């Protein structure tokens, strides 16, 4: 390889390592990688930042605005009510849930769809006495599968289309991926519906654990000096091992008591960590005489005031909270909310909550004013911020207009009336113009972290191509898989894409692999567009980990999942999907 290729490879390896370890946010990592390649002379300024002038990130931004208008207007609410109605077997319920979600995700950004559905599915499952874990992961997978089927279904398809356009080729048409993606989605849905009841265990979500569960909420309280509990034993306070809640740890004078029992006397100023089981127990702890929250100095106002609500907030991948503690971030003052408990799937969080490093997928139970959800729902800090027991959103009178605008974009793009960039921008302006969103709300709807990653990914793709790393990668694919002919070469490309998209964003994985795929296609006589379709679909086959796709992370905490649950259901799904992708693309 050339020196430039080695430099590019080193930069990519470091960037991937940084992303895997969550040391720096994805946007900062990709921008830094592009700047290093620019300074090293591997790419020109035009190559480094041409992604920001490409139609792809602008189109994605406009579609975020449209998706928020759909969510805000409640345009899909009738579909949600019909989906969650009725009874039947578990598989029938899954089919009734996943099929409409996949269909909707083909035309709308799936992140707001899952954000809207998650609390409603949990309530619905609770009413039926079922675990939401049986439904949330399949619904997330259905959203991913549906998004594969059209150009606007996922930002990854738009990124690959933009990369093709940057190389002088025609971009994807609206339904160019559909002939291959539709069988992929159908196979994936069938497997999800068929295997979920067998492979997904019942898990207790934070909400159910807080009501009836396994004591996975930890709450830290202080004993009031000379209060009703000062001098009483643990048993007298009703906090025995079988009590609700129970005492996990006691800190006295800055030191942890090595042992405690029901006969241990509580003293004023003791800091006691309780394990909660029900939401009502958490509330009662904060209302019980003689106990105050260890976070009391940070409470924005008196606990229980009418303008305060309980919220669940799931920490996002790449959030500034990841790896930091509540104390480090001055959570209470910055977010204007107080964390009462932390839920971490499969683990019991011990010690001081304020000094517990947070991880992606952690669910924070907190109190805040009623505007907390609106303030943080569109930020990179939380992948989901929902009010506990919030009512279902209502359908507004403008819902029909929003659906008409969305339908016009789909039809116009399908007929080639205008490019998707033009149509999506017109649609975004239209939903603001009819008053569904205010200009500030439209701006907040855009996930600028995704936009930055997409723009920077174009610079990395240019480096892979211009440095010769793409050709070196193609040679490596040919050596390892070329003996099996074009089908083997495509299999190597697809496997590499899936592996990369499991540890970094799928947009970045597609951008890095596409130059290699196009070089490989040239060597084996494969249509370049067929190789591009295979890369786009493989990059979206993100079923193996909760952090591999936004919707997976959104349901990770609320579903009470363990990390291995994704591997359990995702592995057979990925294998089947890849077989369909390879078979369908080689036959073209």
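Scanning the range 407-428 for residues that are free of Cβ contacts under 8 Å to residues at least 40 places away in the same chain and farther than 15 Å from residue 173 by Cβ, we see that the one that is surrounded by the fewest Cβ atoms within 10 Å (Cβ to Cβ) is 407.
Of all residues in the range 72-92, those satisfying the criterion of being at negative phi and in contact with a helix residue (DSSP H, G or I) (Cβ under 7 Å, 6 or more places away or on another chain) are 73, 75, 76, 79, 80, 83, 84, 90, 91. Close contacts from the range 395-406, counting a first residue that is outside any helix (DSSP H, G or I) and a second that is modelled with pLDDT of 85 or more, with Cβ to Cβ under 9 Å and a gap of 6+ residues or different chains, come to 396/402; 396/436; 398/69; 398/431; 398/434; 398/435; 398/436. Restricting attention to the range 149-162, the residues being in a loop (DSSP other than H, G, I, E, B) and closer than 21 Å to residue 54 by Cα number 5.
Selection within the range 108-127: residues that are farther than 15 Å from residue 81 by Cα and free of Cβ contacts under 8 Å to residues at least 60 places away in the same chain. The member of this set that is farthest from the chain's Cα centre (by Cα) is 109.
Before we move on, is residue 214 in contact with a helix residue (DSSP H, G or I) (Cβ under 9 Å, 6 or more places away or on another chain), at pLDDT below 85 and surrounded by fewer than 18 Cβ atoms within 10 Å (Cβ to Cβ)? So residue 214 does not fit the description; no.
Residue 49 fulfils the conditions (1) modelled with pLDDT of 80 or more; (2) within 11 Å of residue 139 (Cβ to Cβ); (3) surrounded by fewer than 23 Cβ atoms within 10 Å (Cβ to Cβ) except for a single criterion, (2).
The residues listed here are 32, 62; of these, the one that is part of a helix (DSSP H, G or I) and in contact with a helix residue (DSSP H, G or I) (Cβ under 6 Å, 6 or more places away or on another chain) is 62. Which members of the range 87-106 meet the condition of being buried (at least 22 other Cβ atoms within 10 Å of the Cβ) and either modelled with pLDDT under 80 or outside any helix (DSSP H, G or I) (or both)? The answer is 106, and nothing else. Considering only the range 4-12, I want to know if a residue exists there that is modelled with pLDDT under 85 and either in a helix (DSSP H, G or I) or outside the structural domain of residue 124 (by TED's automatic domain parsing) (or both). So far as the range 4-12 goes, no, none of its residues is modelled with pLDDT under 85 and either in a helix (DSSP H, G or I) or outside the structural domain of residue 124 (by TED's automatic domain parsing) (or both).
The values are calculated or read from the model by the stated rules, or taken from the named source; none is laboratory data. Just so you know, these numbers come straight off a predicted model, no measurement behind them. Every residue, glycine as well, gets a Cβ built from its backbone with ideal geometry; the counts of neighbours run over all protein chains shown.
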